[in-house]
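The values are calculated or read from the model by the stated rules, or taken from the named source; none is laboratory data. All values derive from a computational prediction rather than experimental measurement. Using ideal geometry, Cβ is built from the backbone for each residue, glycine included, and neighbour counts are taken over all protein chains shown.
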Amino acid sequence: MSSSLRRGALAAALALSIAPLAACGAGNDAQTHQVRPDSAATAVGDIQVQNVVILTQKAGSGPATVSARIFNNGAADQTLQSLKIGDTALTANLSGAAGGQNVTVPAHGSVLLGGTGNPAATIPSSNEAFRDGDFQRIVLTFSETGEVALAASVLPATGYYEKYGPSGTPSPTAKPTGTATPTPAATPQNGGTQTPTGTPTGTATATPTASATKKS
């Protein structure tokens, strides 16, 4: 076999060995996208919003949440004043990490919506509003930048997104029922008498009475 034929056979063998590796690479990318799908992102002024998704309950009922990473590239803090979803202008209930309704995005910092210990945007009555796989228009309104709009996908809170999804409605605090009944004192048995316990304190002092005066 000539050297040119040997070189051609070697090139063909290398091409065949590389093809499976390329296929594996494509498969890995596909699996990665299945675990963490591409999500919506946009920027307006100093505000940049990334990884926006609407997450529904795994059981298919109850509230939904919006998860997003919000960046503030400006020199002043900004407050997320409202978050509305869809053409019906359904409004999410905002809550800060420390309680209250203020969600502040610090200057040159970021805030994550969703997840334990983070601010939250909860959407009531999600069954009537969303279906998994749909896209919904979201409008976030900030104190300085104003409205930031984008389209977000609706996904179930499973897999990668499970820790950012709805945590359910908190259980109400249990309240005591009825009134406490005092326990009656013990009754002496066998007809005996109950002996008081304890030692009397203080010393009893007799008070003299006045003597009668004899008349003469």
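List every residue pair whose Cβ atoms sit under 7 Å apart, with the two residues 6 or more apart in sequence or on different chains, where the first one lies in segment 66-95 and is free of Cβ contacts under 8 Å to residues at least 12 places away in the same chain and the second, anywhere, is hydroxyl-bearing (Ser, Thr, Tyr).
So the pair list comes out as THR91/SER82.
Go through the residues of segment 122-135 one by one and say whether even a single one is of a type outside the set (Ser, Thr, Tyr) and modelled with pLDDT of 95 or more. Explain how you work it out, then say what you get.
Here is the first cut: in segment 122-135, the residues of a type outside the set (Ser, Thr, Tyr) are 123-124, 127-135.
Now drop any that are not modelled with pLDDT of 95 or more, which leaves none.
Among the residues of segment 122-135, not one is of a type outside the set (Ser, Thr, Tyr) and modelled with pLDDT of 95 or more, which makes the answer no.
Can you pull out the residues in segment 90-116 that are touching a strand residue (DSSP E or B) at 6+ places or on another chain (Cβ under 8 Å) and not in a strand (DSSP E or B)?
If the condition is that a residue be touching a strand residue (DSSP E or B) at 6+ places or on another chain (Cβ under 8 Å) and not in a strand (DSSP E or B), then ALA92, GLY96, GLN101, ASN102, PRO106, ALA107, HIS108, GLY114, GLY115 are the ones that fit.
Answer yes or no: is there a residue in segment 89-96 that is buried (at least 16 other Cβ atoms within 10 Å of the Cβ), among the β-branched types (Val, Ile, Thr) and closer than 17 Å to GLY146 by Cβ.
Scanning segment 89-96 turns up no residue that is buried (at least 16 other Cβ atoms within 10 Å of the Cβ), among the β-branched types (Val, Ile, Thr) and closer than 17 Å to GLY146 by Cβ.
Among the residues of segment 105-117, how many are modelled with pLDDT of 95 or more and more than 23 Å from SER61 (Cβ to Cβ)?
8
Do we find a residue being surrounded by 15 or more Cβ atoms within 10 Å (Cβ to Cβ), over 19 Å from the mean Cα position of the chain (by Cα), of a type in the set (A, V, I, L, M, F, W, C) and part of a loop (DSSP other than H, G, I, E, B) anywhere in segment 137-151?
Checking segment 137-151: not a single residue is surrounded by 15 or more Cβ atoms within 10 Å (Cβ to Cβ), over 19 Å from the mean Cα position of the chain (by Cα), of a type in the set (A, V, I, L, M, F, W, C) and part of a loop (DSSP other than H, G, I, E, B).
If you go through segment 113-154 one residue at a time, how many are in contact with a Ser or Thr (Cβ under 9 Å, 6 or more places away or on another chain) and among the basic types (Lys, Arg)?
The qualifying residues number 1.
Based on this model, can you work out whether ALA89 counts as closer than 21 Å to VAL44 by Cα and either among the aliphatic types (A, V, I, L, M) or modelled with pLDDT of 95 or more (or both)?
yes
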